[in-house]
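The values are calculated or read from the model by the stated rules, or taken from the named source; none is laboratory data. All of these numbers come straight from a predicted model, not from anything done at the bench. A quick note on method: Cβ atoms are made from the backbone with ideal geometry, for glycine too, and the neighbour counts reach across all protein chains shown. Quick note on the areas: whole protein, heavy atoms, side chains included, nothing else; ligands and nucleic acids left out. Shrake-Rupley method; radii C 1.70, N 1.55, O 1.52, S 1.80 Å.
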Amino acid sequence: MSYLYVSEQGASIGVTQNRFQVKYKDGLVKSIPAETLEVIEVFGKVQITMQCMAECLKRGVNILFYSTNGAYYGRLISTSHVNVERQRLQADIEKNKGFKVEFSKKIIDAKIRNQIVILRRYARNNRKNIEKEIADMQYMDKKLKYAYSIEQIMGYEGQAAKIYFKTIGSRLISSDFAFKGRTRRPPLDPFNSMISLGYSIIMNELYGKLEGKGLNPYFGVMHKDSEKHPTLASDLMEEWRAVLIDSTALSMLNGNELTQEDFYLEMDQPGVFLGKEAFRKYIKKLEVKFRTENRYLGYVDYSVSFRKALNLQINQFVKAIENNDPDEYMPIIIR
């Protein structure tokens, strides 16, 4: 299946003869067979014809709308996948503290372990000794076992994340891109700019996949309910942050694929953002990552793309809520 990203300002998307077409200002036309398209993501001033929107609704192709800088606005979706009974089961989780705590432990354990793998990979590449930082994160991970509340779990997650980002920013990233820690809304340095955009993309990809399974993306398990925020998508994203987004950003910055000149300061408000060409390169690199085959899922004995793995993990979540058993869910853990 195809994902279509359009960030060229002034481009237009239409449909003709069973194919979606993107027409660019310079006259270039890109064409994709309708039966292969799964999602369209548009950034900034991109036009979409009514015929195209109707065809997307008919085929169940989601259209996601972002600002030029990657701030998420909303989406056009079909309601054909709504599953009321499944959503009732999902809503009942709120009353099941035991399920919520055990499920959250699994997710955060996987997140911390995946972060440690990323740190070790880049420490080897840079010949840095970060064993103290690793030990501190492992200590936070071990404490998860004895946590009895979501608040405790998220506290340990926060401490581990603080160590993780500080280690990347001060010791493992190219000196041209050094930073002090995680910043968001707005991001204040190139690395944070890249991961903020990446997190937004993966969260909204999960949002669409959750709806495709008949789930409600706003009925979360671990994160607190928040107005207009898809907390279930946030929950399921945690195990993927380091695996898909952080690793891609580090690879591009340490590999000299981008320079300081590829980023710009927003004049109206503080913040650092990707320039036009860098934005295109990053989106392309993320798409390559999503399509990369791997064997990290413990419950399948064959290779799947990371995008397919996202789908399979949501299937596991469905099994967990239908059987009222958090052990049905096995987070992805990389090596």
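Table for the structure above
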read-out: Selection within the stretch 50-67 - open to solvent by 10 Å² or more (accessible area, probe 1.4 Å) and among the aliphatic types (A, V, I, L, M); value: M50, M53, A54, L57
read-out: Test: residue in the stretch 315-326 that is out of contact with any Ser or Thr (no Cβ under 8 Å at 6 or more places or on another chain) and basic (K, R); value: yes
read-out: Residue count, the stretch 84-121 (criterion: open to solvent by less than 30 Å² (accessible area, probe 1.4 Å) and modelled with pLDDT under 95); value: 2
read-out: The lone exception for Q159 - which of (1) without any contact (Cβ under 8 Å) to a residue 24 or more places away in the chain; (2) not aromatic (F, W, Y); (3) not in a helix (DSSP H, G or I) it fails; value: (3)
read-out: Of all residues in the stretch 100-144 being over 22 Å from the mean Cα position of the chain (by Cα) and in contact (Cβ under 8 Å) with a residue 40 or more places away in the chain, the one that is nearest to I333 (Cα to Cα); value: E102
read-out: Of all residues in the stretch 254-294 being in a helix (DSSP H, G or I) and of a type in the set (A, V, I, L, M, F, W, C), the one that is most open to solvent (accessible area, probe 1.4 Å); value: V288
read-out: All positions within the stretch 27-36 that are under 28 Å from the mean Cα position of the chain (by Cα) and part of a loop (DSSP other than H, G, I, E, B); value: none
read-out: Residue count for the stretch 37-57, restricted to those that are part of a helix (DSSP H, G or I) and at pLDDT below 90; value: 0
read-out: Which listed residue, of V300, V318, is open to solvent by less than 90 Å² (accessible area, probe 1.4 Å), over 18 Å from the mean Cα position of the chain (by Cα) and without any contact (Cβ under 8 Å) to a residue 40 or more places away in the chain; value: V300
read-out: Pair list, Cβ < 8 Å and 6+ apart or interchain, from the stretch 40-56 residues that are among the acidic types (D, E) to residues that are outside any loop (DSSP other than H, G, I, E, B) and open to solvent by 30 Å² or more (accessible area, probe 1.4 Å); value: E41/Y5; E55/V15
read-out: Verdict on G14 being in contact with a strand residue (DSSP E or B) (Cβ under 9 Å, 6 or more places away or on another chain) and either open to solvent by less than 20 Å² (accessible area, probe 1.4 Å) or free of Cβ contacts under 8 Å to residues at least 40 places away in the same chain (or both); value: yes
read-out: Total residues in the stretch 181-234, condition among the aromatic types (F, W, Y), more than 12 Å from the chain's Cα centre (by Cα) and surrounded by 22 or more Cβ atoms within 10 Å (Cβ to Cβ); value: 1
read-out: Single residue of the stretch 9-26 satisfying the filter (over 28 Å from the mean Cα position of the chain (by Cα) and either aliphatic (A, V, I, L, M) or outside any strand (DSSP E or B) (or both)) that is nearest to Q51 (Cα to Cα); value: V15
